[in-house]
1. Filter region 373-395 for residues that are free of Cβ contacts under 8 Å to residues at least 40 places away in the same chain, β-branched (V, I, T) and open to solvent by less than 80 Å² (accessible area, probe 1.4 Å) and give the result.
2. Would you be able to tell me the number of residues in region 253-271 that are of a type in the set (S, T, N, Q) and surrounded by 24 or more Cβ atoms within 10 Å (Cβ to Cβ)?
3. Take L14 and tell me if it is assigned to a strand (DSSP E or B) and over 24 Å from T286 (Cβ atoms).
4. What number of residues within region 541-571 are in a helix (DSSP H, G or I) and either farther than 16 Å from L510 by Cβ or touching a residue at least 60 places away in the same chain (Cβ under 8 Å) (or both)?
5. Quickly run through region 440-456 and pick out the residues that are open to solvent by 10 Å² or more (accessible area, probe 1.4 Å) and either free of Cβ contacts under 8 Å to residues at least 24 places away in the same chain or small (G, A, S) (or both).
6. Across region 316-350, which residue is most open to solvent (accessible area, probe 1.4 Å) among those that are at pLDDT 95 or above and among the aliphatic types (A, V, I, L, M)?
7. When G280 is evaluated against the numbered criteria (1) touching a residue at least 24 places away in the same chain (Cβ under 8 Å); (2) under 28 Å from the mean Cα position of the chain (by Cα); (3) open to solvent by less than 60 Å² (accessible area, probe 1.4 Å), which criterion, by number, is the only one it fails?
8. So, of the residues in region 507-531 that are under 14 Å from P480 (Cα atoms) and in contact (Cβ under 8 Å) with a residue 40 or more places away in the chain, which turns out to be most open to solvent (accessible area, probe 1.4 Å)?
Amino acid sequence: MSASDRPLLDVEGLTISYRVGKCWIPAVRDFRLQLGAGEIIGLVGESGCGKSTVALALMHYLASNGRVESGGKLHFAGEDLLAKSNADMRRLWAKRIKFVPQNASAALNPSIKIGKQVMEVLKASDGIEGKAGYDAMIEMFHHVNLVDPERVAERYPHELSGGMQQRVTIAMALISNPELLIMDEPTTGLDVTTEAVILELVRDLIAQRDTGVIYITHNLGVVAQLCQRVLVLYAGEIMEEAEVHDLFEQPHHPYTLGLIRSVPKPGESKHDLRLQSISGNPPSLTRLPGGCVFAERCPLVVDICRSDKPPLESLPGERLVRCHRWEDVTPTLNPSRHLYGGHPIKREGLHPNNTPLPSLRGKGPGDGGPATLMHVTDLQKHFPVAPTVREALRRIKPTPIRAVDGVDLQLRAGQTLGLVGESGSGKTTLARVIIGLQERSGGTLELLGMDVRNSVRERSEDVLSKLQMVFQNPQNSLNPYLSVWQAIVRPLIKLRGLTPAEAEAETLRLLERVNLRAEYAERYPDELSGGEKQRVAIARAFASEPDLIICDEPVSALDVSVQAAVLNLLAQLQEEHDSAYLFISHNLSVVGYLADTIAVMYLGQLFEVGEARELFQPPYHPYTEALVSAIPVADPKQSTERILLSDNLPSAQNLPSGCRFHTRCPRKIGEICETDAPPWREGEAGHLIRCHIPLEELEDSQAGLVLAGGSEGAT
């Protein structure tokens with residue numbers, strides 16, 4: 001809290017309802033918060049817990065079917081916001097209270113240049129326009145680290161990367177020097193490197209301007225590294241509030257503990273433990289229980305939890321907790337993760353901790369290692385570019401976009417290959433070529449020893465059954481007009497040749513395997529939660545008994561508790577079916593947990609390949625080093641020195657000479673990086689790094705960046 005006697009934002013007893021039909025449903029109940037100037041409070045919880053509803057209410061910007069019930073208090077800088085008219089609020093929104101949304105591209109007007117949009121905000125807030133407004137805009141663009149701000153000002157939103165768009169929205173919010181900033185999941189869709197830059201930017205700018213910030217997110221790593229205090233919401237009620245170090249050190253609510261334990265830490269592996277997950281779903285707001293709203297999902301539930309609603313108790317250290325058994329939560333804090341069912345595991349068939357995993361350049365089928373399932377050699381995907389009028393008149397053929405430019409990969413049965421890299425690195429294009437949704441420009445692709453044809457239409461049903469895909473957004477990959485039963489039964493009949501009766505029985509078995517009851521077979525996608533939809537997508541992928549499943553960001557849109565359940569499910573199904581995964585993500589902790597081997601991709605090429613355990617310990621490729629340093633670890637005691645990369649990502653059409661990373665590399669050693677393609681250097685256990693710097697020198701210079709096992713004290 002600020003040293004000021006009066007908080008910047010003072011909220012007491014706020015209840016927010018929405019009209020559904022003829023009924024008013026209380027979405028958030030008895031919400032309270034105090035925010036001081038220069039303070040950052042994190043607001044966390046699963047989807048549907050009320051975080052965004054709170055944000056809209058604090059802005060006094062609820063939809064027409066929403067209202068704040070009488071009896072609550074919402075004061076901003078001593079002023080009663082609930083008594084303000086719309087005209088009064090517009091004046092506050094213009095200058096003193098600002099909002100940064102999750103989707104920057106949707107918040108920016110696609111038909112107006114960036115510079116004009118920002119200058120309109122400055123004119124509305126301070127009446128500044130003309131040259132003075134332009135100069136102020138350029139200065140703010142410098143503050144948010146936008147490269148070449150004059151050129152950015154002349155661009156339209158679609159001409160900027162996601163990270164640049166988000167910096168523009170932050171610039172628009174901060175240019176009027178607001179007193180209160182509300183940020184709703186502003187980095188959820190960004191790469192870890194871009195996220196690190198944005199978080200550093202927010203931290204620095206807030207410190208300079210003494211702005212109070214409410215930061216809404218489900219990313220506990222971001223909360224641990226950015227916020228001073230944390231408020232945990234569940235089903236519209238506050239479960240716990242505490243200083244960030246106290247909350248992560250000793251959570252007092254089982255729900256908070258469940259969220260923290262759901263997050264995979266760097267260096268943790270499916271071979272060591274299963275992640276904790278919180279079973280079940282939040283209660284319906286139309287049928288709230290009489291006791292604790294978390295009772296049906298709580299591992300510590302007793303009779304009083306179901307009969308009596310727990311009060312929001314004040315504890316020493318300015319802590320709040322809503323739990324009858326908060327004193328019983330503390331003894332469960334230990335690395336074995338027993339409270340929510342996560343525990344260390346050691347099973348036959350999995351690689352023990354002290355046994356090196358087979359590398360991509362490892363042994364073949366005849367020497368005791370797993371059979372090679374997929375073999376990719378010099379794979380290329382180049383997209384032609386339409387010539388400009390000038391190029392057409394001069395008969396100049398434009399350089400193609402080399403999205404994938406010479407990739408070699410091997411994947412063995414029963415193993416997971418993690419593929420990481422920033423947006424634009426070529427990960428998804430590589431996956432689409434392998435699955436057959438796009439034709440390759442060159443190279444070979446072998447599956448089970450067979451040369452696989454380019455297009456999915458040219459592939460036999462046998463090949464189609466052996467190769468499946470789980471997409472990032474199950475909402476878009478499931479047909480809304482097909483029931484769960486219809487979605488799963490089709491590949492059973494078409495690709496496995498089962499009779500309708502056999503397919504029906506197998507559908508129920510698959511639903512059971514992904515922890516869905518038989519009744520889900522009759523439901524449609526809009527009747528499922530995000531996690532349930534992804535489970536259906538996974539069941540459908542396993543229906544044809546594939547040897548290889550490509551998972552393209554399958555958990556990035558999920559809450560951490562649902563993410564943990566899906567990761568556990570993937571690990572369990574892989575163990576049972578001996579399937580292989582190509583797992584694509586920009587979340588290195590998630591990839592590190594599920595993968596046996598990790599490949600790091602940048603501008604269409606692989607720059608590092610190694611065992612997952614090795615990737616979180618030096619030596620790293622300088623690009624991998626930046627990715628690892630950017631991981632927001634869900635532990636405020638553990639911090640890393642961020643290696644912030646510029647947004648100046650070269651075009652895949654005009655690739656840099658020499659090392660493709662040299663234009664952004666913080667360890668560039670000289671002209672050789674600009675002129676000569678770097679060699680592959682091989683370390684222990686087949687660890688490969690494409691770099692001019694010898695591995696010994698890399699290891700010495702990177703010795704401080706060790707995240708394996710979540711060790712403390714990393715610098």
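1. Step one: of region 373-395, the residues free of Cβ contacts under 8 Å to residues at least 40 places away in the same chain are 383-384, 386-395.
This time we only want the ones that are β-branched (V, I, T), so: 388-389.
Of everything in region 373-395, just one residue is free of Cβ contacts under 8 Å to residues at least 40 places away in the same chain, β-branched (V, I, T) and open to solvent by less than 80 Å² (accessible area, probe 1.4 Å), namely T388.
2. To start, the set of residues in region 253-271 that are of a type in the set (S, T, N, Q) comprises 256, 262, 269.
Subsequent filtering for residues that are surrounded by 24 or more Cβ atoms within 10 Å (Cβ to Cβ) retains 256, 262.
Total satisfying the criteria: 2.
3. Working: assigned to a strand (DSSP E or B): yes; over 24 Å from T286 (Cβ atoms): no.
For L14, the condition - assigned to a strand (DSSP E or B) and over 24 Å from T286 (Cβ atoms) - is not met.
4. Keep residues of region 541-571 that are in a helix (DSSP H, G or I), which gives 541-542, 560-571.
This time we only want the ones that are either farther than 16 Å from L510 by Cβ or touching a residue at least 60 places away in the same chain (Cβ under 8 Å) (or both), so: 541-542, 560-565, 567-568, 571.
Of the residues in that region, 11 qualify.
5. Pass one, region 440-456, residues open to solvent by 10 Å² or more (accessible area, probe 1.4 Å): 440-444, 446, 448-451, 453-456.
S441, G442, G443, G449, M450, D451, R453, N454, S455, V456, listed by residue number.
6. L320
7. (1)
8. As a first pass, look at region 507-531 and keep what is under 14 Å from P480 (Cα atoms): 521-530.
Those left that are additionally in contact (Cβ under 8 Å) with a residue 40 or more places away in the chain: 523-526, 528-530.
Details: R523: 61, Y524: 88, P525: 8, D526: 128, L528: 17, S529: 45, G530: 37 Å².
Top of the filtered list is D526.
The values are calculated or read from the model by the stated rules, or taken from the named source; none is laboratory data. A quick note: this is a predicted structure, and the numbers were derived from the prediction, not measured. As a convention, Cβ positions derive from the backbone with ideal geometry for all residues, glycine included, and neighbour counts pool all protein chains shown. The protein model used for the area step is the full one, side chains on, heavy atoms only, and it has no ligands, DNA or RNA in it. Shrake-Rupley method; radii C 1.70, N 1.55, O 1.52, S 1.80 Å.
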